[in-house]
Amino acid sequence: MIIILHPDTDRDSPEYGKLMEYLNGLKGISARSHDVAGSQQRLTEIYLIGDTALLDAGEIESFEVVEKVIRVSREYRILGRHKDDNRPSHFEYNGIRFGQDNLQIFAGLCAVDTREHVEQMMQALHEHGLPCTRMGAYKPRTSPYAFQGYGKECLPWVFELAGKYGIRVIAMEVTHDNHIKEIREALQEAGNPTGVMLQIGTRNTQNFELLKSVGRQRDFPVLFKRGFGITLEESLNAAEYLASEGNRNVVFCLRGMKTNYGDPHRNLVDFTHVPVVKRLTRMPVCIDPSHAVGSRNAGPDAIPDLLQATAQGIIAGANMVLADFHPDPPRALVDGPQALRLEELPWFLDDIALVRETYEQRSRLAAEQIRS
Ligand code: PEP
Ligand code: MN
């Protein structure tokens, strides 16, 4: 059960005290309060954990500070979408809005390699008015002998270049809680020229200790990748770890599932789950066509499978696209075969715009259908 208090409720007020006294007196139920700071107001939500089936929602609603009581219909209580739940499905970070109703594009390098490549990438984004990118500094690799990323060494100049080209958010995977500290320190030393969205990779979807560490900080939002070999339900529960620790600024990313049935793609593309995740949760949904498809192969119509998969995600209402690009793919240190070239960026963007426009028209048609 979730209790939503009136905006800006004072936690020191006697009215709040009365409610807490009542809740703390409930046997077998524990209450956890959580503040959500918005741009206009602060919202307090109280999560009741335990057997809440017999609790009287009306009685709780009669307390002066309570605005609304929501009965939780799913395990993922904070990020989930429940009956009569009109909590927001968007958040803002460093001036960029992430929501179930809009679209952000994160084109960039799978892994940071040379300063020249990073600069070429960011310059191209800047020329197209794109304020977000992806840049991997810490790379989890299948082989211990493969390049593991330049780690904290590259952060100062990556952040400096981001500032130079007006990049507001960089998606960057972390594989250890030390990396959060390294990123925070490097940003501070550079004078916070940009922001970072911490990425949880598919190999760490159920690394619960990492999730708790990333969830305990609220400076950075999180891009959470679906586990490639577990159920959707398990991945959504894992995402809830972030929120249960305090960070609910989470984008959920589909990136394909590991099964040979997807061959010859790297993974079986799962973008038909975009509307499912939007229906079950309030998280904006990202698609990663690069790690799903894994190659630059094109069909007889000359459309690369990467663009086809992107279009499939966008037409289904995706809110973010994470895509590997590289100025010189054969020289990329990680995942060159799936990287699009910088010259292909305008085509990629035009194709996305075309499909997004169609999605918006489809949404309008669906809304009319409901009204009639
Ligand atoms: C990545 O985005 O760089 C990556 C490693 O993705 P995934 O965790 O989905 O394999
Ligand atoms: Mn990669």
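Estimated at 0.36 nm per residue, the fully extended path between residue 71 and residue 22 surpasses their Cα-Cα distance by 15.8 nm.
Can you give the calculated 222 nm mean residue ellipticity of the chain, where each DSSP H run of n ≥ 4 adds -39,500 (n - 2.57) and the sum is split over every residue, rounded to the nearest 500 deg cm²/dmol? Present the calculation step by step, with values, prior to reporting the outcome.
Details: 11 runs with 124 residues, N = 372.
Taking each H run of at least 4 residues, the total per residue is -10000 deg cm²/dmol.
Shown is the FRET efficiency for residue 192 and residue 102, computed with R0 = 22 Å from the Cβ-Cβ distance and rounded to the nearest 0.05: 0.35. Take the Cα of residue 268, step 7 Å toward its Cβ, do the same at residue 372, and the gap between the two points is 3.7 nm.
Sorting check: for 305-317, 351-363, 277-289, which peptide has the highest mean count of neighbouring beta carbons within 10 Å, and how do the rest follow?
Working: 305-317: 21.4, 351-363: 14.7, 277-289: 25.0.
Descending packing order for the listed peptides: 277-289, 305-317, 351-363.
Rounded to the nearest 5, the antiparallel percentage of DSSP beta bridges internal to the range 1-135 is 95%. Looking at the chain alone, DSSP beta bridges between its own residues are antiparallel in about 45 percent of cases.
Taking 1.567 mPa s as the viscosity and 4 °C as the temperature, the Stokes-Einstein diffusion coefficient of the chain based on its alpha-carbon Kirkwood radius rounds to 59 µm²/s.
Between 271, 348, 325, the residue with the greatest mean-square fluctuation in the GNM of the chain (Cα pairs under 10 Å linked by springs) is 348. Label separation (residue 61 vs residue 212): 3.7 nm, computed from points 7 Å beyond Cα along the C-beta direction.
Build a GNM of the chain with springs between Cα atoms under 10 Å apart, and of 262, 299, 166 the one that fluctuates most is 299. Scoring 74-82, 217-225 by mean Cβ neighbours within 10 Å over their residues and listing the highest first yields 217-225, 74-82.
Under the definition of Cα pairs under 8 Å and six or more residues apart, what whole-number percent is the relative contact order of the chain? Each step should come with its number before you reach the end.
Numbers: 728 pairs, mean separation 51.5, N = 372.
Reported as a whole number, the value is 14 percent.
By the Cβ distance rule (another cysteine Cβ under 4.7 Å), the unpaired cysteines of the chain are 110, 132, 154. Rounded to 0.05, the FRET efficiency of the residue 54 and residue 116 pair, given R0 = 51 Å and the Cβ-Cβ distance, is 0.20.
Potential lengthening of the chain between residue 126 and residue 6 amounts to 39.0 nm, from the contour at 0.36 nm per residue minus the alpha-carbon distance. For residue 325, the residues 5 or more places off, or on other chains, whose built amide H falls under 5 Å of its own are 108, 109, 110, 340.
A Stokes-Einstein calculation at 10 °C with viscosity 1.306 mPa s, built on the Kirkwood radius of the range 145-271 over Cα pairs, returns a diffusion coefficient of 102 µm²/s.
In percent, rounded to a whole number, the relative contact order of the range 62-184 is 22, using alpha-carbon pairs under 8 Å and six or more apart. Each residue, residue 362 and residue 13, gets one label point 7 Å from its Cα in the Cβ direction; the gap between the two is 4.5 nm. I'd like the FRET efficiency for residue 259 and residue 298, computed as 1/(1 + (r/R0)^6) with the beta carbon distance as r and R0 of 25 Å, rounded to 0.05. After rounding, the FRET efficiency stands at 0.60.
Highest mean packing first, where packing is the average number of other Cβ atoms within 10 Å per residue, the peptides 248-258, 32-42, 122-132 line up as 248-258, 122-132, 32-42. Using only Cα coordinates, the Kirkwood hydrodynamic radius of the range 7-96 works out to 14.5 Å. Considering only 274, 65, 321, the mean-square fluctuation computed in a Gaussian network model of the chain, springs between alpha carbons under 10 angstrom, is largest for 65.
All of the numbers you see were taken from the coordinates with simple rules; none came from a lab. Keep in mind the model is a prediction, meaning the values are calculated, not measured. A quick note on method: Cβ atoms are made from the backbone with ideal geometry, for glycine too, and the neighbour counts reach across all protein chains shown.
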